[in-house]
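Right, one structure below, let's go through it.
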Amino acid sequence: MGAVLDGARTDDIEGVEVRAEAALSATASDLFGADALILGTPANIGYMSGALKVFFDTVFYPAQGTTEGLPYSLYVHGDSDTSGAVRAVESVTKGIGWERHRPPVTVTGRPDAGAREACWELGAVTALAALERA
């Protein structure tokens, strides 16, 4: 998460307020003020984290129709396979009506410099998407 936030908060992008909320404490009200989202999750037993699932369960119906077109990005970390988690998140976000801003960053095993750079870039380009939407 650190590299993603560093990218989103880069000094090269001005005019974007970046807030980080834990999935279990984020609410639909947080979404209503957002111009873009970055979702992150570990891949747990081939699925998204329970915390992210609770977030989606909490905001799905309030967000449906009111956050249509909201750009989002996703990063997923797993030991060996992240495809199930990516598929699950993309299914839910499609149902809410959000638009994927760029392909997910998936990291398997121990994150290396390339993974950290990809996460940084994901944060930065999503901040730019928020700026464009604001």
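Below, the figures for the structure above:
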read-out: Test: residue in the stretch 42-54 that is modelled with pLDDT under 95 and either of a type in the set (A, V, I, L, M, F, W, C) or out of contact with any Asp or Glu (no Cβ under 7 Å at 6 or more places or on another chain) (or both); value: yes
read-out: Failed criterion for SER29 (all others in (1) of a type in the set (Ser, Thr, Tyr); (2) more than 22 Å from GLY65 (Cα to Cα); (3) over 14 Å from the mean Cα position of the chain (by Cα) hold); value: (2)
read-out: Count - residues of the stretch 67-92 that are of a type in the set (S, T, N, Q) and modelled with pLDDT under 95; value: 1
read-out: Only listed residue being over 22 Å from PHE32 (Cβ atoms) and of a type outside the set (D, E, K, R), chosen from GLY95, GLY109; value: GLY109
read-out: Yes/no for ILE13 being touching a residue at least 40 places away in the same chain (Cβ under 8 Å) and β-branched (Val, Ile, Thr); value: yes
read-out: Residue tally, condition in contact with a strand residue (DSSP E or B) (Cβ under 7 Å, 6 or more places away or on another chain) and among the small types (Gly, Ala, Ser), over the stretch 51-80; value: 4
read-out: Every residue from the stretch 96-110 that is modelled with pLDDT under 95 and out of contact with any strand residue (DSSP E or B) (no Cβ under 7 Å at 6 or more places or on another chain); value: GLY109, ARG110
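The values are calculated or read from the model by the stated rules, or taken from the named source; none is laboratory data. Since the model is a prediction, treat every value here as computed from it, not as a measurement. Cβ atoms come from the backbone with ideal geometry, glycine included; neighbour counts cover every protein chain shown.
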